[in-house]
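Presented below is the structure to which this report refers.
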């Protein structure tokens, strides 16, 4: 069993590599569960429903050219491509890429307490489901 520590995550948004500013990445690939238990069953029975993809990223804020704020401002109100990997290394069976089309659902461009570095969490809406690829 290969245990991993996430320390070299990779994220491109609208073809801009924002990996250097990423503090955390959460890729969700949830599936709804529907209870279909009926009389006579001796256990709870569930069936899968709709797939519910999601993406949440916490960035260290940066307003420089081709950095976090400028990239997010450029795609506000539109959709764009995103690619996420656990490592910046080559895409492979042990480092699959997850791609989708997303939009900025929630972004607070300025926020934080005095003397603290600005962390900004961005919630993305999913215009398409995730695609997982190993090559």
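Quick note: the coordinates plus some simple rules give every number you see, no bench work behind them. Predicted model, so just to flag it, every value in this text is computed and none were measured. Please note: Cβ atoms are built from the backbone with ideal geometry, for glycine as well, and neighbour counts cover all protein chains shown.
Please report the spacing between the Cα centers of the range 91-126 and the range 63-80 in Å, no decimals.
Taking the Cα centre of each part, the range 91-126 and the range 63-80 sit 11 Å apart.
State, as an integer percentage, the relative contact order of the range 18-135 based on alpha-carbon contacts under 8 Å between residues 6 or more apart.
25
So how far apart, in nm, are the two label points at residue 114 and residue 41 if each is 7 Å from Cα heading toward Cβ?
In this crude label model, residue 114 to residue 41 measures out at 5.8 nm.
Using just the helices of the chain, give the 222 nm mean residue ellipticity in deg cm²/dmol: DSSP H runs with n ≥ 4 each add -39,500 (n - 2.57), and the total is spread over all residues, rounded to 500.
Only helices count here, giving -1500 deg cm²/dmol.
With N denoting the number of residues in the range 38-83, provide Rg(C-alpha) divided by 2.2 N^0.38 Å, to two decimal places.
In units of the globular-protein estimate, the range 38-83 measures up at 2.21.
Sort the range 1-69 into rounded, prolate or oblate with this rule: let a ≥ b ≥ c be the square roots of the eigenvalues of the Cα gyration tensor; rounded if a/c is under 1.5, and if a/c is not under 1.5, prolate when a/b is larger than b/c, oblate otherwise.
prolate
How far apart, in nm, are the 7 Å Cα→Cβ label points at residue 129 and residue 56?
If labels sit at residue 129 and residue 56, their model points lie 2.3 nm apart.
Note down, for the chain, the three equivalent ellipsoid semi-axes (square root of 5 times each alpha carbon gyration tensor eigenvalue), biggest first, whole angstrom. Write out the running numbers ahead of the final one.
Working: eigenvalues 208, 72, 48 Å².
Semi-axes, largest first: 32, 19, 15 Å.
Build a GNM of the chain with springs between Cα atoms under 10 Å: which of 18, 50, 72 gets the top mean-square fluctuation?
50
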